[in-house]
1. Within 10 Å of each candidate Cβ there may be at most 15 other Cβ atoms; applying that plus a DSSP loop requirement, which trypsin sites (Lys or Arg not before Pro) in region 659-768 survive?
2. Mind giving me the FRET efficiency for ALA675 and THR79? R0 is 60 Å, r the Cβ-Cβ distance, nearest 0.05 is fine.
3. Modelled label-to-label distance, LEU525 and VAL314, 7 Å Cα→beta-carbon offset: nm?
4. Once label points are set 7 Å from the Cα along Cα→Cβ at both ALA397 and ALA10, what is their separation, rounded to one decimal in nm?
5. For region 633-724, run through the GluC sites (Glu not before Pro) and keep only the ones in DSSP coil with at most 15 other Cβ atoms within 10 Å of their Cβ.
6. If I take R0 = 41 Å and measure r between the Cβ atoms of SER785 and THR56 in this structure, what FRET efficiency does the formula 1/(1 + (r/R0)^6) give, to the nearest 0.05?
7. Which peptide among 723-733, 36-46 comes first, and what is the full order, when sorted by highest mean count of other Cβ atoms within 10 Å?
8. Compute the length gained on full extension between ALA271 and LEU130: take 0.36 nm times their separation in residues and subtract their Cα-Cα distance, giving the result in nm to one decimal.
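A short reminder: the numbers here are calculations on the coordinates, not readings from a lab. Everything numeric here is computed off the predicted structure, so don't read it as measured data. Heads up, the Cβs are rebuilt from the backbone with ideal geometry, glycines too, and the neighbour counts pull from every protein chain shown.
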Amino acid sequence: MTTPPLARVASLKVKLGLLVAASVTVAAAVATLGRAGGVPVWLSIPVTILLALAVTQLLAVGMIAPLRQMTEAARRMATGSYDVRVTETSNDEVGELARAFNTMARDLARVDRERRELVANVSHELRTPLTALCAVLENLVDGVARDPDSLSAALDQAERTARLVDDLLDLARVDAGKAPLTPEPVPIRELLDDAVAEARVLARPVQYDVRVDPGDLVVRADPARLRQLVANLLDNASRHSPHGGTVLVTATRAGDRYRVEVTDAGPGVPAADRERVFEPFGTLSPTGGGGGTGLGLAIARWVTDLHGGTIRFVDPGTGRDGARVRVDLPLDPTARPTHPPEEKTMPTAPQPPAAPPAPQAAPAAVPTPSLLDDLFAGFWPDRGIPGRRNLLLGAAAAGVLAGMVLPFHDLGLGTFLVLLACAGVVVAASRHRRDRFTLTCAAVYVALVATCVVRDAEWIVVLCLLAGAGVGLCGVTRGRTLPGFVLAGLAWPLAGLRGLPWLGRTLSGLSSPRQGAAILRTLLLSALGLLVFGVLFATADALVAEWVGALLPDLTVDTFVLRTFVAVAVTGTVLAAAYLALNPPKVDGGAREARPVTSRFEWLAPVLVVNAVFATFLVAQATVVFGGHDYLQRTTGLTYAEYVHQGFGQLTVATALTLLVVWAAARKAPRATTADRTWLRAALGLLCVQTLVVVASALYRMHVYQEAYGFTRLRLLVDVFEGWLGLLVLAVIAGGLVLKGAWLPRFALLSGALALLGLAAINPDAWIAEHNLDRQAETGRVDWSYLRNLSDDAVPVYTRLPQDLQSCALDGRTASSDDWLEWNLGRARAADVLAGASTAPAGDCPESD
């Protein structure tokens, strides 16, 4: 795993300070460089923010990841899973907290394992004597056995159970800190002799050898606890010694401490198990003597801990077999209070855990939950998509191409090539690139962006470019509803934030030393080959030199800054779109089935009211038609041109609102019975038919108004929009006949894009110029200033004017001198016309409207 850049900084405050300083420095440097290079503000601000966020993301890697990991680990631990660990990659306070958390997790895992083993072992140890006791009692009840031996066996099992319970209670007291320690002078020789005398009562076939040096050794200890310690050691040694073996007990003094050792001649304890045997029920194998509870050595360890000493198994010595337990105790231990000690702070350094009884599975590393997962929730899951170096390199290539082509060039062939390259990266990233809707949207996108090659009118080209971007986004997200289309558009800029984890995985794939070196070598060798051989062939051949000059941009300091800003902006934009295509959000996931109303009148009454209003409007239109213009002027005081202009906007809004009414009524209307479906078709069908009449009225009004006041871009665009609304009404009628309308949103999207494409296909500026000239031929009125402001697409139309009037429309125009990157069909045709056109002063033109 790659080490975070600030992992060695030992203070979180210093890290935050460095992070803020680096981000501010980068932002200030980029903004200053952009201002010095003449970069527009609308481009400089997003690029500055993008680079500042990139630096922040780079330096902040892993800074708070352990905190999110700890949150996830705590959730798992709450369910009983303690085999979780968090990443320890830093030396600051978060890293210390991560280490402390891992220590706690290890301790909790060990305690949980011991608890489970304790429950299992206690159950097993209790079951054996209880089973035997029940068998004896059943025999007594049945009258099978009433002899003293049976009663003695029952007593033995009951005493064994009692010893087990007593030992468990002792362990509980010691573990809870409630076992008191009352030191007093204790003669060691006397204590050992008493313990050996008690051990001989067990009548095991072993001998005991007690040695004390010095013989009058007196220590301060709790006599009851110390006797319990020695008794448990003697019991363990006698049970594991062979028949006739000797148990050696020694006590010696060493400075301010004394040592007690118990050695037997049994099989001994392997070195790997010398820690485990001191755990509760840590017995290695069943013993032949019986009567053991599996808690003796555990009690011995805790008694030793009470006195502040240590206990362990050591090698029995050269040439000897068996086990030797060594206990080192202080001569004067500190008295232990009877109340529990105050809780202490957990140390940050992990303590060495006890040796496990068996190989344990490696702890599971907790994956770092992304903060963005909480932000986007189920709407846009990350899905753990692996990094894609080809997409990163493709976006970078598209950005470099844009930096070379777009600055200082008008819209034309170069722009089209850049947009195609960007679309190629996005389509390559798309998860649904074989889907028919996605492919259709891709084809519509190409057709829309191709308008920058054939049309010079920037207003229609910009509209087509925006529409192409929208259609492309809907295609890669596979939206099916109007809210889904809106969310697809909003998701594009948000993809720059949502895609940061994916970008990090992609960059981490490039950051390995071998891959990084390979990429660097490839770039250096490619650049060297291009430079050397390019210079040689360019200096050797004049035609090659011309081609090189046409391909390579002018790279001065100012132009380089602007081109760099454009390259960074386009790269980031394409990467965001590529991630959107690679991991599309659930744009239609929140759509819920609408519940129909219980009563028919709840939806039918409002629809009938709207139908009545539409009918009133249609009656008024019929009155105007049959009453004539004179009737209209007498009644309203308006000419017919003024009358139609006054209501066109309202009719367009009414058409759009009708579609909303139909959508709402169709969602709420019940369809359970034939009558329900009949009323739905009739009411909404009548409304749609009346809406078509309104659309026709609106289009006619606009035609009359244009004939009276001239043709403009806005009026033509509104005409197309109203016609598109009429097409949607027809589609709604078709869907209403079968009561299926899931296809309508996509139809509206694609038909709207095709309507815009059709508007571009008719050459709108040329169409406007031609109709204005037709009106001028009929009425003698024309707005020459408006015609002069039309794009070069309209220039070929002006050739139909007389020579003395051509200059009125062409005044101030010059033939464009585009290079191949700016080539545009509209400007090329205009250049041919302007090359042979004559101009006259603007004062010679007839009076304009």
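1. Working: sites: ARG667, LYS668, ARG671, ARG677, ARG681, ARG701, ARG713, ARG715, LYS740, ARG746; in loops: ARG671, LYS740.
Here the sparse-neighbourhood loop sites are ARG671, LYS740.
2. 0.60
3. Going from the LEU525 label point to the VAL314 one covers 6.7 nm.
4. Going from the ALA397 label point to the ALA10 one covers 4.9 nm.
5. Answer by residue number: there is no such site.
6. That pair, SER785 with THR56, gives E of 0.20.
7. Numbers: 723-733: 19.2, 36-46: 14.6.
The densest-packed peptide leads the list: 723-733, 36-46.
8. 47.3 nm
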